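Quick notes on the structure that follows.
The values are calculated or read from the model by the stated rules, or taken from the named source; none is laboratory data. Remember, it's a predicted structure, so these values are computed and weren't measured experimentally. Quick reminder, even Gly has a Cβ in these numbers, built from the backbone with ideal geometry, and neighbours come from all protein chains shown. Just the protein is used for accessible areas: all its heavy atoms, side chains included, with ligands, DNA and RNA removed. Shrake-Rupley method; radii C 1.70, N 1.55, O 1.52, S 1.80 Å.
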Amino acid sequence: MKTKACTTILAVIAVMPLSVVGAQAQTEPQHDAQKPMQQDMSKMDMDPYFTALNYPVPQDTMMVMLLSDFQSARTTNDFFTGMGMVQYGLTPRWTVGFMAEWQKIFGLPTTYGGFRINSYFRVFPHDHLLNFTVYGEYEGLNGAALYKMEVAGFGGEDLDEPLALARRTPVRTFELRAIMYHDWGRVNFTFNFINETALDSGENDFGYAWGVFRQAAYMAMETDKDMAGMAGMQKKEAPPVLSLQRLGYGLEMIGALGNTHQFGFDWQRQQHYVGPVFSYSVSKHWTVHLEPAFGLSDVSDLFMLRMGVGYSIDHLLHRRSPTP
């Protein structure tokens, strides 16, 4: 019965964006006057956080990211984790992605952790007090997967069994997120509520992620966020490669919220992390991310240094029409 229910959920999630996109195609022509504002909002400095998600990827844009964490483990040897991520904007509001991860525990061989396939969709086409996005992700991982894309449930996630056994143990999960965010000029606030469902048992674990981030002045200049509605203004010259105008900064916190049997905070039995997050725009297409995060509970790892580099490819499949 649980397997049938999970299959039904997966089918509904897979079909839902297609039907919504069809509705979008019928309604968006009526709002041509709003398109410039929508484009400005969607082209902000993408994904400044490491766990929290917010904006869809702009249409026909591919985002490629390489992420690596050093984690000072509480109960095992320290380790590195890594993830390769590719995301593509199918429409201005619908993004699909693929991720693969690995880990290297000191003293043990490097191990493949599995893959993730995701899709997320911004519900409302225009800017609101709270913008709402729905997110679904299938996780085809194994027991050795250690990358903290999120934390949920109870207890720690350090490897507590032989590596050879863990990497042969399948861990199949479906993750849903309710994502809310809002922008005040260059400042963004984002909150994610996370629900992870184990496909073999049907059990649910819950978690959260939130962040506040001030976008780099250079990226605001690129998207004209500081000049919204002021058509015809001369474009500013890009700052030097080494400039504080290219630096964005903020704060991110992630943690667990229990499970189906006990929802809410039980602080010392759950993982919680907080740390400052920095994003540096090397160019219009290249961005470097950094976050030193600190464990806040008895089952959290002591420290994580989260690092990433991202590259965006605009107009991947369709060339931009020449400006008249």
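Just to be sure, is G153 out of contact with any helix residue (DSSP H, G or I) (no Cβ under 9 Å at 6 or more places or on another chain), buried (at least 19 other Cβ atoms within 10 Å of the Cβ), among the small types (G, A, S) and modelled with pLDDT of 95 or more? Please lay out each step first, then the result.
On the way: out of contact with any helix residue (DSSP H, G or I) (no Cβ under 9 Å at 6 or more places or on another chain): yes; buried (at least 19 other Cβ atoms within 10 Å of the Cβ): yes; among the small types (G, A, S): yes; modelled with pLDDT of 95 or more: yes.
Spelling it out, G153 is indeed out of contact with any helix residue (DSSP H, G or I) (no Cβ under 9 Å at 6 or more places or on another chain), buried (at least 19 other Cβ atoms within 10 Å of the Cβ), among the small types (G, A, S) and modelled with pLDDT of 95 or more.
Counting just the residues of region 153-168 that are in contact with a Leu (Cβ under 7 Å, 6 or more places away or on another chain) and in a loop (DSSP other than H, G, I, E, B), which one comes out nearest to E252 (Cα to Cα)?
Only one residue tops the list, namely E157.
Residue pairs, Cβ under 9 Å, 6 or more apart or interchain, first in region 147-174 and under 20 Å from L53 (Cβ atoms), second open to solvent by 50 Å² or more (accessible area, probe 1.4 Å) and assigned to a loop (DSSP other than H, G, I, E, B). List them.
Sorted first by the residue in region 147-174, then by its partner, the pairs are K148/E157; V151/E157; G153/E203.
For the subset of region 89-108 comprising residues that are of a type in the set (F, W, Y) and either open to solvent by less than 50 Å² (accessible area, probe 1.4 Å) or part of a strand (DSSP E or B) (or both), which member is farthest from D301 (Cα to Cα)? Step through it out loud before you land on a result.
Of region 89-108, the ones of a type in the set (F, W, Y) are 94, 98, 102, 106.
The next check asks that each one be either open to solvent by less than 50 Å² (accessible area, probe 1.4 Å) or part of a strand (DSSP E or B) (or both); those that pass are 94, 98, 102.
Working: W94: 34, F98: 27, W102: 18 Å.
By that ranking, first place goes to W94.
Quick check: anything in region 114-132 open to solvent by 40 Å² or more (accessible area, probe 1.4 Å) and over 21 Å from T190 (Cα atoms)?
Looking for residues that are open to solvent by 40 Å² or more (accessible area, probe 1.4 Å) and over 21 Å from T190 (Cα atoms), one finds at least one in region 114-132, hence yes.
Tell me, yes or no, whether region 279-290 has at least one residue that is closer than 26 Å to N77 by Cα and either at pLDDT 95 or above or of a type in the set (D, E, K, R) (or both).
Step one: of region 279-290, the residues closer than 26 Å to N77 by Cα are 289-290.
From what's left, either at pLDDT 95 or above or of a type in the set (D, E, K, R) (or both): 289-290.
Taking every residue of region 279-290 in turn, at least one turns out to be closer than 26 Å to N77 by Cα and either at pLDDT 95 or above or of a type in the set (D, E, K, R) (or both).
Filter region 101-125 for residues that are within 14 Å of the chain's Cα centre (by Cα) and not β-branched (V, I, T); which is farthest from Y138 (Cα to Cα)? Before you say what the answer is, go through the steps one by one.
Restricting attention to region 101-125, the residues satisfying the condition of being within 14 Å of the chain's Cα centre (by Cα) are 116-122.
If we keep only those that are not β-branched (V, I, T) too, we end up with 116, 118-122.
Values: R116: 6, N118: 6, S119: 9, Y120: 12, F121: 15, R122: 19 Å.
Per the criteria, the residue is R122.
When you go through (1) more than 19 Å from F213 (Cβ to Cβ); (2) open to solvent by 20 Å² or more (accessible area, probe 1.4 Å) one by one for G185, which number turns out not to apply?
Status for G185: all satisfied but (1).
Go through (1) at pLDDT below 95; (2) buried (at least 18 other Cβ atoms within 10 Å of the Cβ) and name the single condition Q270 misses.
(1)
Yes or no: G295 surrounded by 15 or more Cβ atoms within 10 Å (Cβ to Cβ) and either on the phi > 0 side of the Ramachandran plot or free of Cβ contacts under 8 Å to residues at least 40 places away in the same chain (or both)? Step through it out loud before you land on a result.
Values: surrounded by 15 or more Cβ atoms within 10 Å (Cβ to Cβ): yes; either on the phi > 0 side of the Ramachandran plot or free of Cβ contacts under 8 Å to residues at least 40 places away in the same chain (or both): no.
So G295 fails the test.
Scan region 169-221 residue by residue and report those that are under 28 Å from R269 (Cβ atoms), outside any strand (DSSP E or B) and among the charged types (D, E, K, R).
D200, E203
Return the only residue of A216, A164, A209, A178 being within 30 Å of K284 (Cα to Cα), open to solvent by less than 50 Å² (accessible area, probe 1.4 Å) and at pLDDT below 95. Break it down into steps so the answer makes sense when it comes.
On the way: A164 fails: within 30 Å of K284 (Cα to Cα); A209 fails: at pLDDT below 95; A178 fails: at pLDDT below 95.
After applying the criteria, what remains is A216.
Of these, V57, V86, which one is within 12 Å of the chain's Cα centre (by Cα), open to solvent by 30 Å² or more (accessible area, probe 1.4 Å) and not small (G, A, S)?
V86
Rundown of residues vs (1) of a type in the set (A, V, I, L, M, F, W, C); (2) at pLDDT 95 or above; (3) under 22 Å from A152 (Cα atoms); (4) open to solvent by 60 Å² or more (accessible area, probe 1.4 Å), yes/no style:
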| site | (1), (2), (3), (4) |
| --- | --- |
| A231 | yes, no, no, yes |
| E237 | no, no, no, yes |
| L305 | yes, yes, yes, no |
| D314 | no, no, no, no |
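Consider N204 against the criteria (1) over 21 Å from D47 (Cα atoms); (2) modelled with pLDDT under 95: it satisfies all of them except one. Which criterion is unmet?
(2)
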